[in-house]
1. Would you mind working out the accessible area per residue for the chain, using a 1.4 Å probe, and quoting it in Å²?
2. Do you know the Lys pair count in the chain for C-alpha distances under 21 Å, with sequence separation 8 or more or different chains?
3. If you take the alpha carbon radius of gyration of segment 4-70 and divide it by 2.2 N^0.38 Å, what ratio comes out, to two decimals?
4. Select from segment 187-228 those GluC sites (Glu not before Pro) which occupy a DSSP coil region and have at most 10 other Cβ atoms within 10 Å, ordered by residue number.
5. Sum up the charges of everything whose Cβ sits under 13 Å from the Cβ of LYS211, counting Lys and Arg as +1 and Asp and Glu as -1, but leave LYS211 out.
6. Evaluate the distance, in nm, between pseudo-label points positioned 7 Å from the Cα of ASP127 and of VAL224 along their respective Cα→Cβ axes.
7. Quick one: P(r) of the chain from all Cα-Cα pairs, 5 Å bins, percents rounded to integers, in order of increasing distance.
8. Under a Cβ-only charge scheme (Lys and Arg +1, Asp and Glu -1), can you give me the dipole magnitude of the chain about the Cα centre, in debye to the nearest 20?
Amino acid sequence: MRWESDVPLDSLARYRIGGPVQRLCRPESLEALRKGLREASDTGYKILGTGANVLISDRGLDCSVLVLKGELDYVRVENGAIEAGAAARLPALAGTARRLALRGFHFLEAVPGTIGGGLRMNAGSRDDWLWHCAEWAQLMTPEGELVRMSPAEVAPSYRHVDVPDDWVFVAARFSAPKGEIAAIKEAHMSFRERKVRDQVYELPSIGSTWKNPPAPYPAAWLIVNEVG
Ligand SMILES: Cc1cc2nc3c(=O)[nH]c(=O)nc-3n(C[C@H](O)[C@H](O)[C@H](O)COP(=O)(O)OP(=O)(O)OC[C@H]3O[C@@H](n4cnc5c(N)ncnc54)[C@H](O)[C@@H]3O)c2cc1C
């Protein structure tokens, strides 16, 4: 495995903040990932997607970082469902679902990030999230074993899944009933238009900075607004 040393992380994070990481590698296949995880076992490791939801210290990270690429970046249609590698982008999944007229993927329009990061964060809105559309995800354990998990097993909730921190998402399969193509297209386009209008894309950010507290508390933005 080719490791790069003292890699500045600011250019790999959408906040454009982050000191150097001791060592970083970019595995392009399952076998390379397995090797990378084995070689990183002495330092510990973190997986980085597109860095659209991380805040990294200026002091950097005292561990290894792995960024998935290559063969792990694919979106393909299999028997009406969508299979995607963890390095593929969420907008590519949204676009494929839109073209297939699959219902319930509109909330992924204009959400930056990878499938892996999206599965880990259970990306989406307050009510719709990625795991609603997933049949299963495949993960690699630190020992290099491949494990398939269903939504029931990961118990997804708002921005959370019950998956060990050091397990790596490598792929997933998504499906939904078909809808009427014009209505699906309209749902995607209007969601995208609203999101791009209301959210900051041209400046460094991670989208929503605050996580909404559980009911009965109001949404985070209302609380922040109240504080002034
Ligand atoms: C403009 C903007 C708008 C946004 N809008 C939304 C939104 O509407 N809804 C929403 O939920 N989020 C939103 N976000 C946040 C972000 O897009 C999501 O959280 C996205 O899922 C992050 O994906 P990523 O690949 O960049 O993950 P990263 O930020 O790189 O990583 C996030 C976490 O996932 C882990 N991770 C990454 N890949 C893997 C993997 N393969 N296996 C295991 N763990 C992994 C990382 O270790 C880290 O803990 C927005 C961000 C921006 C900048």
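1. Per residue, the chain has an accessible area of 53 Å².
2. Taking the chain as the scope, the lysine pair count is 5.
3. Compared with the compact-globule rule of thumb, segment 4-70 sits at 1.04.
4. When the GluC sites (Glu not before Pro) of segment 187-228 are filtered for loop state and at most 10 Cβ neighbours within 10 Å, GLU202 remain.
5. My count for the surroundings of LYS211 gives +2.
6. 2.2
7. Spelled out bin by bin, the chain gives 1, 7, 13, 17, 19, 17, 13, 8, 4, 1, 0 percent.
8. Dipole of the chain, to the nearest 20 debye: 560 debye.
The values are calculated or read from the model by the stated rules, or taken from the named source; none is laboratory data. Computed from a prediction, not measured in an experiment: that's the story for all the values here. Glycine also receives a Cβ, built like all others from the backbone with ideal geometry; neighbour counts cover every protein chain displayed. Note: accessible area is taken over every heavy atom of the protein model, side chains too, but ligands, DNA and RNA are not part of it. Shrake-Rupley method; radii C 1.70, N 1.55, O 1.52, S 1.80 Å.
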